[in-house]
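Some notes on the structure that comes next.
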Amino acid sequence: MGDAPASWFEARSCERTHAANECGGYSTMAGLAIAKLCYETLLRYGAAAKIAGEQHIVTPALQHIIEANILLSGIGFESAGLAAAHALHNGLTALAETHAFYHGEKVAFGVLAGLQLTDAAPEEVATVFSFCEEIGLPTTLADIGVRNTSRENLMKAAEKACAPAEAIHHEAGLISPENVVQAMRAADAIGRHRKRGAERAGLAS
Ligand SMILES: [Zn+2]
């Protein structure tokens, strides 16, 4: 469930910029609609599916999420293409401290940072943070093992994410390692701020 939300945001970016998918083709309306259905299914059934999975119970919600994670996400990305989230994932692999974390965990943070990079609406940013928090996905750099958040350390990831062949260039606007460092830091700051807020609310209740 960390990997699958990326399908929609990356598909949307590729559609906006007319970027090619990994096979060199272009998105179809069907591919875009499937990517959107993937995201909507995650938001709707993700939490219930996680609870069911933890209890080894097969429910309709779990089945919907398996479909979203495998079929919808797969068709969505194959048809529409990749963009910032997976490039950020690839960039983060430059930091050895992230190696113990799953692909989907790094992609989830890549989605959050990608939303910062692309000036996504605050309401949408809040929705994706809430989803990640509810599912237990990373929302901060520390959550994917990155304790050294210096510009120098993050630049290693940002430069790899911005390599010429990376799909981050499917995003609109100016994409540079400096902007990527800022986006990672911005997502991390929001994630930490929200964790502090949740802790305060927990103490108050
Ligand atoms: Zn992936």
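Here is a list of conditions, (1) in a helix (DSSP H, G or I); (2) at pLDDT 95 or above, and E78 meets all of them except one; can you say which number that is?
(2)
Please pick out the residue among G197, G191 that is over 14 Å from G91 (Cα atoms) and touching a Phe, Trp or Tyr at 6+ places or on another chain (Cβ under 8 Å). If you could, list the steps in order and put the result at the bottom.
Values: G197 fails: touching a Phe, Trp or Tyr at 6+ places or on another chain (Cβ under 8 Å).
Just one listed residue meets the conditions, G191.
Inspect the range 186-205 for any residue being modelled with pLDDT of 95 or more, over 23 Å from E123 (Cα atoms) and not in a helix (DSSP H, G or I) and give the result as yes or no.
In the first step, residues of the range 186-205 are kept if they are modelled with pLDDT of 95 or more; the result is 186-195.
So of that shortlist, the ones also over 23 Å from E123 (Cα atoms) come out as none.
Scanning the range 186-205 turns up no residue that is modelled with pLDDT of 95 or more, over 23 Å from E123 (Cα atoms) and not in a helix (DSSP H, G or I).
Report the residue count in the range 131-154 for those that are of a type in the set (D, E, K, R) and under 15 Å from A47 (Cα atoms).
2
Which residue, of K160, K106, is under 25 Å from R44 (Cα atoms), touching a residue at least 12 places away in the same chain (Cβ under 8 Å), not in a loop (DSSP other than H, G, I, E, B) and not hydroxyl-bearing (S, T, Y)?
Numbers: K160 fails: under 25 Å from R44 (Cα atoms).
Exactly one residue qualifies, and that residue is K106.
Are there any pairs, at least 6 apart or on different chains, whose C-beta atoms fall under 6 Å, with the first in the range 65-88 and under 18 Å from H103 (Cα atoms) and of a type in the set (S, T, N, Q) and the second within 11 Å of the ligand (Cβ to nearest atom) and assigned to a helix (DSSP H, G or I), and if so, which?
Sorted first by the residue in the range 65-88, then by its partner, the pairs are S73/S7.
All but one of (1) outside any loop (DSSP other than H, G, I, E, B); (2) under 22 Å from L88 (Cα atoms) hold for Y45, so report the exception by its number.
So the condition that Y45 fails would be (2).
If I go through the range 92-119 residue by residue, how many of them are away from the ligand (no atom under 16 Å from the Cβ) and buried (at least 18 other Cβ atoms within 10 Å of the Cβ)?
Residues in the range 92-119 being away from the ligand (no atom under 16 Å from the Cβ) and buried (at least 18 other Cβ atoms within 10 Å of the Cβ): 5 in total.
So, A126, is that one exposed (fewer than 15 other Cβ atoms within 10 Å of the Cβ) and modelled with pLDDT of 95 or more or not? Spell out the reasoning first.
Numbers: exposed (fewer than 15 other Cβ atoms within 10 Å of the Cβ): yes; modelled with pLDDT of 95 or more: yes.
So A126 passes the test.
Taking E22, is it within 15 Å of the ligand (Cβ to nearest atom), surrounded by 23 or more Cβ atoms within 10 Å (Cβ to Cβ) and either farther than 18 Å from A126 by Cα or among the acidic types (D, E) (or both)?
Details: within 15 Å of the ligand (Cβ to nearest atom): yes; surrounded by 23 or more Cβ atoms within 10 Å (Cβ to Cβ): no; either farther than 18 Å from A126 by Cα or among the acidic types (D, E) (or both): yes.
Against the criterion (within 15 Å of the ligand (Cβ to nearest atom), surrounded by 23 or more Cβ atoms within 10 Å (Cβ to Cβ) and either farther than 18 Å from A126 by Cα or among the acidic types (D, E) (or both)), E22 does not qualify.
Within the range 76-91, which residues are away from the ligand (no atom under 13 Å from the Cβ) and not hydroxyl-bearing (S, T, Y)? Before you say what the answer is, go through the steps one by one.
Keep residues of the range 76-91 that are away from the ligand (no atom under 13 Å from the Cβ), which gives 79-80, 91.
Passing the criteria: A80, G91.
What number goes with the only condition from (1) within 12 Å of the ligand (Cβ to nearest atom); (2) free of Cβ contacts under 8 Å to residues at least 40 places away in the same chain that E10 does not pass?
(2)
If I filter the range 18-35 for residues that are part of a helix (DSSP H, G or I) and either within 15 Å of the chain's Cα centre (by Cα) or among the hydroxyl-bearing types (S, T, Y) (or both), do I get at least one hit?
Within the range 18-35, one or more residues are part of a helix (DSSP H, G or I) and either within 15 Å of the chain's Cα centre (by Cα) or among the hydroxyl-bearing types (S, T, Y) (or both).
The values are calculated or read from the model by the stated rules, or taken from the named source; none is laboratory data. As the structure is a computational prediction, the values presented were derived from the model and not from experiment. Cβ atoms come from the backbone with ideal geometry, glycine included; neighbour counts cover every protein chain shown.
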